[in-house]
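The values are calculated or read from the model by the stated rules, or taken from the named source; none is laboratory data. These numbers come from a predicted model, not from an experiment. Glycine gets a Cβ as well: all are built from the backbone with ideal geometry, and neighbour counts include every protein chain shown. These area figures cover heavy atoms from the full protein model, side chains too; ligands, DNA and RNA do not enter into them. Shrake-Rupley method; radii C 1.70, N 1.55, O 1.52, S 1.80 Å.
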Amino acid sequence: MPFATTLARTLVAALPASAAFHVMRSLAGRAPPRPAVTAAQQLALSQATALAYGEGRTAWSWGHGPLVVLVHGWGGRAAQLAPLALNTSRRGYRCVAMDVTGHGDSAGRRTAWRCFIDDIAGLSRSLGQEVHAYLGHSAGGLAMMAARAIHGTRAQRYICVCAPSHPFPPIRAVRQRLNPRPALIDRYQEFIAQQFGTSWQRLEAGHAFADAGQNLLLVYDQGDRFVEHAEGDRIQALCAGARLVKPTACGHTRVLAAPELEEALAAFLV
């Protein structure tokens, strides 16, 4: 176990609750490492127009037509969605992929769920065009669904790719890394829920996906070890009429390049 993790575990175990929670929150809020851009992603980015939104934040735009906004996941970046955005734009859409605060080419050493939610709304307002569809990967999918209630960011279509039904991945990560006492987990859940403007119990019940129904496409890979594909079944059960597609053996991030995703997206957008 890395020394920094061992030290953090020791502090969380030894400090009073308030101080231990501060350590947990500080560690969890650090901007994650920014993944390298592959040759295929760079080629797609080279055919886009760079956009600035907010303060120090970056997005890329391809094509013209109905607007499709694409949101990466926690620790991801817009470049991961660039090939999909480029190919979708060739079907007659304007596709805009964003880097959330603390990710990709956007500024920030810290990030949070509320950064995702607020940045989605901020970018949408800055584009000056009605959004036809939102596509979000992992945390980006959950955040874009939550932004509907918090900011009124509405579209005709929503596409969630390997998105969790509620923000359990960071809770799981904190448990594995820091092994905090149960009371601290409860407090951390409340802290996350506040960023969604609701309670943890409502989040667990699928509050973010309320009323999506037939306007929702769910794509969950059967080889995903981070967000299990059963999450797609759970959300579909909550959203009558939602469509569910399950590619096989791609994985949590590689699914973004899966032909099944591109084909399902093309059919759903029209």
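Descriptive notes on the structure:
- In segment 24-50, the residues that are modelled with pLDDT of 95 or more reach residues that are open to solvent by 40 Å² or more (accessible area, probe 1.4 Å) and in a loop (DSSP other than H, G, I, E, B) with C-beta atoms within less than 6 angstrom, at least six apart or across chains, in these pairs: Ala31/Arg109.
- Enumeration of residues in segment 161-181 that are open to solvent by less than 80 Å² (accessible area, probe 1.4 Å) and more than 26 Å from Asp233 (Cα to Cα): Leu178, Pro180
- Residue identified as farther than 30 Å from Ala257 by Cβ and out of contact with any Leu (no Cβ under 9 Å at 6 or more places or on another chain) among Gln176, Gln201, Gln189: Gln201
- Tally of residues being under 15 Å from the mean Cα position of the chain (by Cα) and surrounded by fewer than 14 Cβ atoms within 10 Å (Cβ to Cβ) across segment 234-270: 0
- Gly128 being free of Cβ contacts under 8 Å to residues at least 24 places away in the same chain, closer than 26 Å to Pro66 by Cβ, part of a loop (DSSP other than H, G, I, E, B) and not aliphatic (A, V, I, L, M): yes
- Whichever residue in segment 182-233 is in a loop (DSSP other than H, G, I, E, B) and at positive phi and, among such residues, is surrounded by the most Cβ atoms within 10 Å (Cβ to Cβ): Gly206
- The one condition in (1) in contact (Cβ under 8 Å) with a residue 60 or more places away in the chain; (2) more than 20 Å from Leu218 (Cβ to Cβ) that Met98 fails to fulfil: (1)
- Evaluation of Arg177 against (1) part of a loop (DSSP other than H, G, I, E, B); (2) in contact (Cβ under 8 Å) with a residue 24 or more places away in the chain (one fails), failing number: (1)
- Residue pairs whose Cβ atoms lie under 8 Å apart, separated by 6 or more positions or on different chains, with the first residue in segment 104-116 and within 20 Å of Ala36 (Cα to Cα) and at pLDDT 95 or above and the second outside any helix (DSSP H, G or I) and among the aromatic types (Phe, Trp, Tyr), are Thr111/Trp74.
- For segment 234-247, taking the residues that are hydrophobic (A, V, I, L, M, F, W, C) and in a helix (DSSP H, G or I), the one that is nearest to Phe268 (Cα to Cα) is identified as Ile235.
- Residues in segment 18-39 that are surrounded by 13 or more Cβ atoms within 10 Å (Cβ to Cβ), over 20 Å from Gly108 (Cβ atoms) and of a type in the set (A, V, I, L, M): Ala20, Val23.
- For segment 153-162, the condition holds for at least one residue, the condition being that it is farther than 23 Å from Gly75 by Cα and among the charged types (D, E, K, R).
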